[in-house]
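Where a number appears in this text, it was derived from the coordinates with a stated rule and is not lab data. Computed from a predicted structure; not experimentally measured. With ideal geometry, Cβ positions are generated from the backbone for all residues, glycine too; neighbour counts draw on all protein chains shown.
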């Protein structure tokens, strides 16, 4: 069965009569049409990116700002906004003719007053040496804004060209608030020390709603397509482009056919402790080769490793990272998970959904952290006996917030073992412990942790 044939499931939403009226959909039509019209409406035009303000601030402080992130997440749109507000043109190195001209004489394109705006700069890495020469003469803030779909640190010139002169801004897929155009302050409030209330109005997000959000992810172009064949085809084409073009620009590899197979294995393990040996053995790949390929998949923003946190708290704290696919929609497509499968009673699908919802929730929190203009350390905490906290966020003053994620609608005492252990070891440094779950009610557990509906991350109810 082809990748396109695998995914024919529709999508649903709770927008009801409001969308039916504004989008002129016949009430007897399917919920899928309702959902697709809702998504189309929310993504018509340019979604407001919370990072815009962060980028503008960095431009007043740093000579070079690099917008780094996956393909098609909105880096070019951010660059276009800057171009419009500064009356500047964007040098698009994704265009073959422009790329050839820049490669022929990079110095000509980076000279002059800023801001000089360059999209997909990684296609002409010689630009970095030319920019370095310019910065030797003038280190004024806001001279360059570069956008690229390859991690800056993986480019051969990056290590020495602009050391200490560049600020990296990571641009991630759309957050749920950006999709729905709601204000997201949940993580900001926690980092600011704002106390959660003991209770709030119940959530009306259903399990089915969550399944559709998690499997849709946040890739803007994918979300503009109808769920099913069209979106599935986009995922297939997107991954083919990244794996066959972007990866090969970084490194020439001998076993190209193994890259998508390794990505499949990592998707099957998303939200879990990384065991690269097992992933490699399952497809007949040498461990050392798999490690190299993993670094390439990280370089093009398909996967990332969430490091172990708290390794100084004792010898029995695990040191292995967790692996996550960057976008939960891409992960769901690779895993073959659809809302229909999640709604069923297949134990394997439900287990996979538990890991996928962790990837989704971690991603949403990391997006909100990316708007927080202060140093933050993130990781996961796990003991040698397997008790864990899915996400730990540490602010620069040492305060710690613990997050646990549950795909179910109930939270049991044993679900809080990792949080209890972390509280015992940290004491007052642990300022908040949050269990995000798919149930409707917020309450304070007897263990002291707040149990909060997952949609609190993007709804104004708790902000």
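Calculated translational diffusion coefficient of region 358-450 (25 °C, 0.890 mPa s; Stokes-Einstein with Kirkwood radius over alpha-carbon pairs) equals 179 µm²/s.
What's the whole-number percent of alpha carbon pairs in region 196-279 lying beyond 20 angstrom?
Working: 2009 of 3486 pairs.
In whole percent, the share of Cα-Cα pairs in region 196-279 beyond 20 Å is 58.
Could you grab the relative contact order for the chain? Cα pairs under 8 Å, six or more apart, rounded to a whole percent. Relative contact order, the chain: 17 percent.
Measure nothing fancy, just the Cα-based angle from helix 287-299's long axis to the longest principal axis of the chain, in degrees from 0 to 90, nearest 10. Once rounded, one gets 80 degrees.
May I ask you to give the average projected area over all directions of the convex hull of the Cα atoms of the chain, in nm² rounded to one decimal? Before the final figure, lay out the partial values.
Numbers: hull surface 94.1 nm².
Averaging across all directions leaves 23.5 nm² for the Cα convex hull.
Given R0 = 56 Å, the distance between the Cβ atoms of residue 133 and residue 345 translates into a calculated FRET efficiency of 0.30. Working from label points 7 Å from Cα in the Cα-to-Cβ sense, the residue 256 to residue 409 distance is 4.9 nm. Against the main long axis of the alpha-carbon atoms of the chain, helix 417-426 sits at an angle near 60°.
Going from the residue with the fewest nearby Cβ atoms within 10 Å to the one with the most, 56, 181, 49, 254 rank 254, 181, 56, 49. Once the Cβ-Cβ distance of residue 244 and residue 167 is raised to the sixth power relative to R0 = 30 Å, the FRET efficiency obtained is 0.45.
Extension gain, residue 283 to residue 305, is 5.9 nm, computed as 0.36 nm per intervening residue step minus the present C-alpha separation.
The stretch between residue 447 and residue 104 holds 117.1 nm of extra length on full extension. This uses 0.36 nm per residue minus the Cα-Cα distance.
Using 0.36 nm per residue, how much length does the chain from residue 206 to residue 48 gain when fully extended, once their Cα-Cα distance is taken away? Don't skip to the end; give the middle numbers.
Values: separation 158, 0.36 × 158 = 56.88 nm, distance 2.63 nm.
Result for the pair: 54.3 nm of gain on full extension.
Normalised by the number of residues in region 51-170, the average gap of Cα pairs under 8 Å and 6 or more apart makes the relative contact order 41 percent.
Put the Cα centre of region 383-397 next to the Cα centre of region 277-320 and the gap is 17 Å. Against the chain, whose longest principal axis is taken from its Cα atoms, helix 347-370 shows a tilt of about 50°. Taking 18 Å as the cut-off, the amide N atoms of region 239-260 that come nearer than this to a point 7 Å along the Cα-to-beta-carbon line of residue 94 belong to 239-250. Rounded if a/c is under 1.5, else prolate if a/b is larger than b/c, else oblate: which is region 101-224, with a ≥ b ≥ c the root eigenvalues of its Cα gyration tensor? In terms of gyration-tensor shape, prolate.
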